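Notes follow the structure.
The values are calculated or read from the model by the stated rules, or taken from the named source; none is laboratory data. Every value quoted in this text rests on a predicted model; they were computed, and no experiment measured them. Positions of Cβ are generated from backbone atoms using ideal geometry, with glycine treated the same way; all protein chains shown enter the neighbour counts.
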Amino acid sequence: MTLDSLLALLQDHTITLPLGLSVLAGLLIGIEREFRGKPAGVRTHALVCLASALMTLLGLRMDEWLTTLPPDAQIVTDMARMPHAILTGIGFLGAGVIFREGPAVQGLTTAASVWLTAALGIVFGAGLLELGVIGTVVALLVLVLFRLLQRVLPARPVIRLDVVVPQASALDAAVLSKVLDRIGLKAGPISLSQDVALGLRRYKLLAAGLDQRIDCDEVARAVRDTAALHKLTVVPLDRDTGN
């Protein structure tokens, strides 16, 4: 490698344009994830998209590899294997951002965005620039506009409450529903179980809200200020419909 060969390569638009667009696509999708405070943000998406484009370009330029072959040897390639290998490897990376919290599974949207970013890198690396641009725009529309659409849809469960009170407590299902209403949450069906031996009542429910970013401390304070509690558990559910 010489300086002249490096400069010549940088002037080759069949390489620089796919790589540049792949980084831009990864940055745009990563910004949306970063704005939502997700573990895979700008750098992760940009690197995944760039790496996918690089690997695709590497496979397409196999005839330029420095290798010694026997006389009259022929190279037989199957470019379909490269995208398959890339997306399989990205699957392990995407699985790292998925986790379960109580009854909810979080990180699915971020895992899907990482997988999609890798696919866009493959498309750019293969030279299908227009298709890559269209894919990037559609991905951003899904991530941004569909989130806005969710604001006009019916409220969905955002927290799970488990409240244990003494048998003589004034807090019951009706009072608990009113407390949640005051902080903008709507209580779902409330189950009740009683431990007669210990003199305790236990309420379990899911509460829905339009704002997916729930302050668990605020919810706990509102319930605690209503009556004396024996035990209180507040578990946030899937706060951004897949994360």
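Taking region 220-234 as the search range and keeping residues that are surrounded by 13 or more Cβ atoms within 10 Å (Cβ to Cβ) and in a strand (DSSP E or B), which one is nearest to the chain's Cα centre (by Cα)? Filtering first and then ranking leaves Val234.
Yes or no: region 10-20 includes at least one residue that is closer than 19 Å to Ile90 by Cα, at pLDDT 90 or above and assigned by TED's automatic domain parsing to the domain that holds Leu140.
Applying the first criterion (closer than 19 Å to Ile90 by Cα) to region 10-20 yields 19.
Now narrow it down to the ones that are at pLDDT 90 or above: 19.
Narrowing the set further to residues that are assigned by TED's automatic domain parsing to the domain that holds Leu140 leaves 19.
The answer is yes, given that some residue of region 10-20 is closer than 19 Å to Ile90 by Cα, at pLDDT 90 or above and assigned by TED's automatic domain parsing to the domain that holds Leu140.
Of the residues Ala46, Ala40, only one is surrounded by 22 or more Cβ atoms within 10 Å (Cβ to Cβ), touching a helix residue (DSSP H, G or I) at 6+ places or on another chain (Cβ under 6 Å), small (Gly, Ala, Ser) and assigned to a loop (DSSP other than H, G, I, E, B); which?
Details: Ala46 fails: assigned to a loop (DSSP other than H, G, I, E, B).
Residue meeting the stated conditions: Ala40.
Remark: pairs (first residue in region 27-41, within 18 Å of Ala95 (Cα to Cα) and among the basic types (Lys, Arg); second residue surrounded by fewer than 22 Cβ atoms within 10 Å (Cβ to Cβ) and at pLDDT 75 or above; Cβ separation under 6 Å; 6+ apart in sequence or on different chains) = Arg33/Gly41.
Of the residues Val164, Val179, the single one that is outside any helix (DSSP H, G or I) and in contact (Cβ under 8 Å) with a residue 24 or more places away in the chain is Val164.
For region 188-219, residues that are surrounded by 15 or more Cβ atoms within 10 Å (Cβ to Cβ) and closer than 10 Å to Ile159 by Cβ total 7.
Output the residue which, of all residues in region 189-216 that are farther than 24 Å from Pro166 by Cβ and assigned to a loop (DSSP other than H, G, I, E, B), is modelled with the highest pLDDT. Among them, the one singled out is Asp215.
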